[in-house]
Amino acid sequence: DAMVIQNPRYQVTQFGKPVTLSCSQTLNHNVMYWYQQKSSQAPKLLFHYYDKDFNNEADTPDNFQSRRPNTSFCFLDIRSPGLGDAAMYLCATSRGTTYGYTFGSGTRLTVV
Amino acid sequence: AQSVAQPEDQVNVAEGNPLTVKCTYSVSGNPYLFWYVQYPNRGLQFLLKYITGDNLVKGSYGFEAEFNKSQTSFHLKKPSALVSDSALYFCAVRDMTESSYKLIFGSGTRLLVRP
């Protein structure tokens with residue numbers, strides 16, 4: 001089945017130690033997004049790629065970076081995780097602008 | 001600016017009774033509206049969307065939503081609730097401003113269906 005896959009499901013990292021979360025998709029969608037969700041709050045968009053074009057939200061901290069080496073994969077890099085970065089990170093894809101998103105199952109990040 | 005509001009933090013309903021989860025929106029132009037459901041420690045699952053056409057939209061798991069332009073609402077409904085419907089529900093609107101493709105989510109409503 002076509003889907004969005006996030007690895008790992010659970011990630012524990014040390015305070016200040018760089019961590020990378022991954023997302024892959026078999027839907028061939030041209031837009032990929034990273035959202036941060038804390039404590040059952042509304043997901044907050046960090047950035048998105050429209051094809052290869054990177055779009056950063058104005059309030060996304062510099063600590064968060066992203067890479068999209070090809071259509072299928074997208075990575076979220078947190079350069080120096082703080083305790084406040086503990087959250088569920090959701091990857092999503094869409095085909096253009098008219099349609100809804102398809103979400104992955106998320107990666108729950110714990111910072112110790 | 002585009003926005004959605006979910007006025008209820010939690011909705012409680014008995015199994016077998018109808019349920020409604022409320023959502024109102026504020027957009028410039030025609031709205032693209034969505035409902036998603038989230039189970040604990042899971043991603044968001046798509047339920048239904050309104051882009052254009054009939055005001056009553058049918059979606060997954062027996063859910064439906066009614067688009068009401070005059071009241072700027074897009075309430076989620078189900079005729080007969082199941083205990084397994086207990087989850088967190090998000091209403092969302094597509095940001096249609098130039099060069100933006102993001103979904104803007106409401107604050108979420110927790111649905112609790114008691115046996």
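The values are calculated or read from the model by the stated rules, or taken from the named source; none is laboratory data. Predicted, not measured: the structure shown is a model, and the values here were computed from it. Positions of Cβ are backbone-derived with ideal geometry, glycine not excepted, and every protein chain shown enters the neighbour counts. Protein only, heavy atoms only, side chains kept; ligands, DNA and RNA dropped before computing areas. Shrake-Rupley method; radii C 1.70, N 1.55, O 1.52, S 1.80 Å.
Below is a table of values for the structure above.
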read-out: Criterion: over 23 Å from B:Val37 (Cβ atoms), among the aromatic types (Phe, Trp, Tyr), in contact (Cβ under 8 Å) with a residue 40 or more places away in the chain and touching a helix residue (DSSP H, G or I) at 6+ places or on another chain (Cβ under 8 Å) - qualifying residue of A:Phe15, A:Phe75; value: A:Phe15
read-out: In the stretch B:7-27, residue farthest from the chain's Cα centre (by Cα) [restricted to those that are part of a strand (DSSP E or B) and closer than 15 Å to B:Ala92 by Cα]; value: B:Ser26
read-out: Residue count for the stretch B:45-58, restricted to those that are in contact with a helix residue (DSSP H, G or I) (Cβ under 8 Å, 6 or more places away or on another chain) and either open to solvent by 50 Å² or more (accessible area, probe 1.4 Å) or not in a strand (DSSP E or B) (or both); value: 2
read-out: Hits in the stretch B:35-44 - residues which are part of a loop (DSSP other than H, G, I, E, B) and touching a strand residue (DSSP E or B) at 6+ places or on another chain (Cβ under 6 Å); value: B:Tyr39, B:Gly43
read-out: All positions within the stretch B:89-102 that are modelled with pLDDT of 85 or more and either surrounded by fewer than 19 Cβ atoms within 10 Å (Cβ to Cβ) or β-branched (Val, Ile, Thr) (or both); value: B:Val93
read-out: Residue match in the stretch B:61-78 (condition: within 14 Å of chain A (Cβ to nearest Cβ), part of a strand (DSSP E or B), within 12 Å of the chain's Cα centre (by Cα) and within 23 Å of A:Lys44 (Cα to Cα)); value: yes
read-out: Some residue of the stretch B:26-44 being open to solvent by 80 Å² or more (accessible area, probe 1.4 Å) and under 28 Å from A:Asn7 (Cα atoms); value: yes
read-out: Enumeration of residues in the stretch A:35-79 that are exposed (fewer than 13 other Cβ atoms within 10 Å of the Cβ), farther than 16 Å from A:Thr20 by Cα and more than 14 Å from every other protein chain (Cβ to nearest Cβ); value: A:Lys52, A:Asn70
read-out: Checking A:Ser66 against (1) hydroxyl-bearing (Ser, Thr, Tyr); (2) closer than 21 Å to B:Phe46 by Cα; (3) at pLDDT 95 or above, the condition it does not meet; value: (2)
read-out: All positions within the stretch A:80-112 that are part of a loop (DSSP other than H, G, I, E, B) and either more than 8 Å from chain B (Cβ to nearest Cβ) or open to solvent by 10 Å² or more (accessible area, probe 1.4 Å) (or both); value: A:Ser80, A:Pro81, A:Gly82, A:Ala86, A:Arg95, A:Gly96, A:Thr97, A:Thr98, A:Tyr99, A:Gly100, A:Ser105, A:Val112
read-out: Extreme residue, least open to solvent (accessible area, probe 1.4 Å), among residues of the stretch B:7-25 that are in contact with a strand residue (DSSP E or B) (Cβ under 6 Å, 6 or more places away or on another chain) and of a type in the set (Asp, Glu); value: B:Glu8
